[in-house]
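Asker: Got a structure for you, questions after.
The values are calculated or read from the model by the stated rules, or taken from the named source; none is laboratory data. Note that this is a predicted model, so its numbers are computed, not measured. Cβ coordinates were reconstructed from backbone atoms using ideal geometry, including for glycine residues, and neighbour counts include every protein chain displayed. Each accessible area value is taken on the protein alone, full model and side chains, heavy atoms only, with ligands, DNA and RNA left out. Shrake-Rupley method; radii C 1.70, N 1.55, O 1.52, S 1.80 Å.
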Amino acid sequence: MLNYFSQWDDFINKTAALVSLLVGGLIILYSINSNIGIIKQKSLISELSNYLKEFPLIKRPIAIELQGTAMTISAIKSNISVDRKAQSTDEKIEYLQERINEVSRELEQESKELNKKIDHLTNNMSTQIQDAKTSLRGLESKMDEVYTGDLKVQLFGVLLIIYGAIAGYAV
């Protein structure tokens, strides 16, 4: 254009500089918007509107809601037994054997319950670990996409802005 319209070279340079600055800025804003979309599943416009809605210098009424607290009481497992008076040595031995068998059954029952709880907690932990690994893989892929996908576009936008700034002064 400078070869054909040499008398307008100042206007052409300033217009090219302005267009380069605007296009470079828009490219960078587009890249930022796509990064926000990848990471937060939102857009730059929605983030800006949310910021303006929550602008700190605008006074808003504050509502405080108070509620009572609730208390829960849980039952504790207990065993009740009735002791009998043993008269002879054989009755005392029989009573002690019954108590040993009872304690053994209680111990076995407690052991089973603890094993069930341990199995349940182990299953929950392995599920949570798998969920965390899946989340980390997803985050990793998003970060790769953000880093590698838009880096060239952002650099191009910055180069257009630099060109626009320099071309505005070069005549």
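Residue by residue, here is whether (1) at pLDDT below 95; (2) part of a helix (DSSP H, G or I); (3) open to solvent by 80 Å² or more (accessible area, probe 1.4 Å); (4) among the basic types (Lys, Arg) holds:
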residue	(1), (2), (3), (4)
Ser111	no, yes, no, no
Ala132	yes, yes, no, no
Leu136	yes, yes, yes, no
Glu140	yes, yes, yes, no
Leu151	yes, yes, no, no
Phe156	yes, yes, yes, no
Ile161	yes, yes, no, no
Gly164	yes, yes, no, no
Val171	yes, no, yes, no
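So that you can scan it fast, the table gives a plain yes or no per residue for (1) open to solvent by 100 Å² or more (accessible area, probe 1.4 Å); (2) at pLDDT 80 or above; (3) assigned to a helix (DSSP H, G or I); (4) among the hydrophobic types (A, V, I, L, M, F, W, C):
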{"position": "Ala17", "(1), (2), (3), (4)": "no, yes, yes, yes"}
{"position": "Ile27", "(1), (2), (3), (4)": "no, yes, yes, yes"}
{"position": "Tyr30", "(1), (2), (3), (4)": "yes, yes, yes, no"}
{"position": "Asn35", "(1), (2), (3), (4)": "no, no, yes, no"}
{"position": "Ser49", "(1), (2), (3), (4)": "no, yes, yes, no"}
{"position": "Leu57", "(1), (2), (3), (4)": "yes, no, no, yes"}
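Asker: Then there is this: Restricting to the stretch 85-109, name every residue that is outside any helix (DSSP H, G or I) and open to solvent by 80 Å² or more (accessible area, probe 1.4 Å).
Answerer: Within the stretch 85-109, Lys85, Gln87 qualify.
Asker: Shifting gears a bit: Can you list residue pairs whose Cβ atoms sit under 7 Å apart, with the first residue in the stretch 94-121 being free of Cβ contacts under 8 Å to residues at least 24 places away in the same chain and the second being open to solvent by less than 100 Å² (accessible area, probe 1.4 Å)? Count only pairs 6 or more apart in sequence or on different chains.
Answerer: Correct list of pairs: Tyr95/Ala86.
Asker: Does Lys42 satisfy the criteria of being open to solvent by 90 Å² or more (accessible area, probe 1.4 Å) and either modelled with pLDDT of 75 or more or under 30 Å from Glu145 (Cβ atoms) (or both)?
Answerer: Answer is yes for this residue.
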